[in-house]
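I have a structure I would like to understand better, so I am pasting it below and will then ask my questions one at a time.
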Amino acid sequence: MTRSIFRFLSRQPDTPLLYGEQHLLRLAHHSDYRQWFSIRSESRAFLQPWEPTWREDELSEVSFRARVHRGIEEYRAGYAVPLLLFSRPDMRLLGGLTIGYIRRGAAQSCMIGYWMGERHAGQGHMLAALKIAIPYIYGQLQLHRIEAACIPDNWKSVRLLEKAGFEREGLLRRYLKINGEWRDHIMFSRLPDDGEFGKMTRQ
């Protein structure tokens, strides 16, 4: 069994920093704008079929700063952990992974979403990110269930979730409005005992 390398540190008490041997996940900073703009703009045609319709100001610096602020507020409120994914040690931005819709009480669950820059897709980066994030979700966030919804013909995302130990549960009809159309989604879920990297390893 492969042990995922996981560390949870803090630059500030409320700022998560998660990393493995070759990747790092953290909240967005204002200084990330240039990299974020570059990778999102060059990957636009690659990303748009799988995302909600982009606003006219989607790539503006003002919009990005609002995104950063909203991400910090959502994290502090316990609603979401919107992370950017970087390679180590060069801190090159690769994509993003959001732990969202965090529900407490009887549910103790969340929904994950992710995106990858086109030039970095298909190289195992997002699977590595999931190997870092999943132990954090079960350990630090103390959640019981992770959900992910995937458009049926997005076979790359389907394969990624299956590799990460997610189980297919059923079809959600016209679940989300993606790129201007209401699209069906497959619901996947993962519990702590599913797959080989469900338990948090601290170092």
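Order these by the 10 Å Cβ neighbour count, fewest first: GLU74, GLU56. Mind showing how you got there, number by number?
Numbers: GLU74 17, GLU56 7.
Ascending Cβ contact count within 10 Å gives the list GLU56, GLU74.
What is segment 8-190 by shape, rounded, prolate or oblate, if you read a ≥ b ≥ c off the alpha carbon gyration tensor as root eigenvalues and call it rounded for a/c under 1.5, prolate for a/b larger than b/c, and oblate otherwise? Mind showing how you got there, number by number?
Numbers: a/c = 1.33, a/b = 1.06, b/c = 1.26.
Rounded, because the longest to shortest axis ratio a/c is under 1.5.
How much net charge surrounds SER109 when only the other residues with a Cβ under 11 Å from the Cβ of SER109 are counted, with Lys and Arg +1 and Asp and Glu -1? Walk me through the numbers on the way to the answer.
On the way: positive: ARG103, ARG104, ARG145, ARG190; negative: GLU147.
Here the charged neighbours net out to +3.
Right, here's the next one. Among the DSSP beta bridges whose two residues both lie in the chain, what percent are antiparallel, rounded to the nearest 5? Show your work: numbers first, answer last.
Values: 38 of 41 bridges.
Once the DSSP bridges in the chain are tallied, antiparallel ones form about 95 percent.
Per-residue ellipticity at 222 nm for the chain, helices alone: DSSP H runs ≥ 4 residues times -39500 (n - 2.57), over residue total, nearest 500 deg cm²/dmol?
On the way: 5 runs with 55 residues, N = 203.
Result for the chain: -8000 deg cm²/dmol, rounded to the nearest 500.
Pick out, from TRP54, ILE186, TRP36, the residue whose Cα sits farthest towards the positive end of the charge dipole of segment 8-190, with +1 on the Cβ of Lys and Arg and -1 on the Cβ of Asp and Glu.
With unit charges placed on the Cβ atoms, the residue in question is ILE186.
Placing +1 at every Lys and Arg Cβ and -1 at every Asp and Glu Cβ, with all other atoms neutral, what dipole size does segment 56-203 have around its Cα centre, in debye to the nearest 20?
On the way: 22 positive and 18 negative charges, 72 e Å.
Computed charge dipole of segment 56-203: roughly 340 debye.
Identify, among TYR136, GLN123, GLY170, the residue whose Cα sits farthest towards the positive end of the charge dipole of segment 87-203, taking +1 on the Cβ of Lys and Arg and -1 on the Cβ of Asp and Glu, with the dipole about the Cα centre.
Selected residue: TYR136.
Which shape class applies to segment 82-132: rounded if a/c is under 1.5, otherwise prolate when a/b exceeds b/c and oblate if not, where a ≥ b ≥ c are the square roots of the Cα gyration tensor eigenvalues?
Details: a/c = 2.77, a/b = 2.45, b/c = 1.13.
Verdict is prolate for segment 82-132.
Oh, and also: Rounded, prolate or oblate: which one fits segment 47-103, using the alpha carbon gyration tensor with axes a ≥ b ≥ c (rounded when a/c is under 1.5, else prolate when a/b beats b/c, else oblate)?
Details: a/c = 1.39, a/b = 1.04, b/c = 1.35.
Note, shape of segment 47-103 comes out rounded.
All of the numbers you see were taken from the coordinates with simple rules; none came from a lab. All of these numbers come straight from a predicted model, not from anything done at the bench. Counting neighbours? That spans all protein chains shown, and the Cβs are built from the backbone with ideal geometry, glycine included.
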